[in-house]
Amino acid sequence: MNFGKFAEFVRTLTIVLSILISAGCGGSTGPEGGPRVGTTTVKGAVKVDGAVVSYLKVTAVPANGPGAVPMEPSALTDAEGAFSLSTYESGDGVPAGQYNLTFVWGQINLMNGQYSGDKFKGKYSDAGKSDHSLTIKSGDEAHDLGTIELSTATK
């Protein structure tokens with residue numbers, strides 16, 4: 001085989017593979033490879049019995065049930081109790097729709113990274129009984145939910 005033709009073949013193959021690989025690595029797809037819908041940034045903070053807590057999970061559950069592609073934007077509070085809801089990427093926001101917010105105060109197992117437990121014992125985990133709702137309209141500006149006050153006391 002002629003070295004020039006072989007070199008040209010390798011160069012062409014490299015270009016074709018590079019195009020195929022880069023096309024598959026794009027960020028324009030959503031869950032299960034479907035298209036992404038627009039999102040609006042939603043942030044806030046949570047206090048429990050007046051104190052900030054970290055690793056409290058905040059989830060926006062669609063009020064009308066899951067859509068064609070089920071999504072429940074969520075976030076964990078940081079050391080200051082702040083959170084920013086995420087759908088596709090960290091802090092990217094929430095798609096348009098009506099949501100009920102749920103709260104679970106669990107803990108992260110440092111050995112396997114799993115999140116489990118609920119120090120609220122399910123008090124804020126039922127979206128159907130949530131006192132905290134969120135409505136996002138297409139084209140909305142960023143939402144700041146302020147500080148959400150929760151309590152460990154039983155009702």
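In summary, G65 fulfils each of the numbered conditions (1) touching a strand residue (DSSP E or B) at 6+ places or on another chain (Cβ under 9 Å); (2) part of a loop (DSSP other than H, G, I, E, B); (3) not β-branched (V, I, T) with the single exception of condition (1).
Looking at L101, L134, which one is assigned to a strand (DSSP E or B), touching a His at 6+ places or on another chain (Cβ under 6 Å) and either among the aromatic types (F, W, Y) or modelled with pLDDT of 95 or more (or both)? Give the steps one after another, and end with the answer.
On the way: L134 fails: touching a His at 6+ places or on another chain (Cβ under 6 Å).
L101 is the lone residue from the list that is assigned to a strand (DSSP E or B), touching a His at 6+ places or on another chain (Cβ under 6 Å) and either among the aromatic types (F, W, Y) or modelled with pLDDT of 95 or more (or both).
Look at region 128-155: where a residue is in contact (Cβ under 8 Å) with a residue 40 or more places away in the chain and under 21 Å from S84 (Cβ atoms) and a partner is part of a loop (DSSP other than H, G, I, E, B) and among the hydrophobic types (A, V, I, L, M, F, W, C), sitting 6+ places away or on another chain with Cβ atoms under 6 Å, you get I136/A96; K137/A96; S138/A96.
If the requirement is being farther than 16 Å from S74 by Cα, exposed (fewer than 11 other Cβ atoms within 10 Å of the Cβ) and among the small types (G, A, S), which of these qualifies: G139, G117? Full working, then the answer.
On the way: G117 fails: exposed (fewer than 11 other Cβ atoms within 10 Å of the Cβ).
Going through G139, G117 in turn, just one is farther than 16 Å from S74 by Cα, exposed (fewer than 11 other Cβ atoms within 10 Å of the Cβ) and among the small types (G, A, S): G139.
Give F83, F6 a once-over and let me know the one that is within 30 Å of A153 (Cβ to Cβ) and either over 17 Å from the mean Cα position of the chain (by Cα) or at pLDDT 95 or above (or both).
Values: F6 fails: within 30 Å of A153 (Cβ to Cβ).
The conditions single out F83.
State which residue is nearest to P62 (Cα to Cα) when the search covers only region 117-133 and only residues that are among the charged types (D, E, K, R) and under 20 Å from the mean Cα position of the chain (by Cα). Give the derivation first.
Initial filter on region 117-133 (among the charged types (D, E, K, R)): 118-119, 121, 123, 126, 129, 131.
Right, trim to under 20 Å from the mean Cα position of the chain (by Cα) and you get 118, 126.
Numbers: D118: 21, D126: 12 Å.
In this case the residue turns out to be D126.
The values are calculated or read from the model by the stated rules, or taken from the named source; none is laboratory data. On a predicted model such as this, the values are computed, not experimentally measured, just so you know. As a convention, Cβ positions derive from the backbone with ideal geometry for all residues, glycine included, and neighbour counts pool all protein chains shown.
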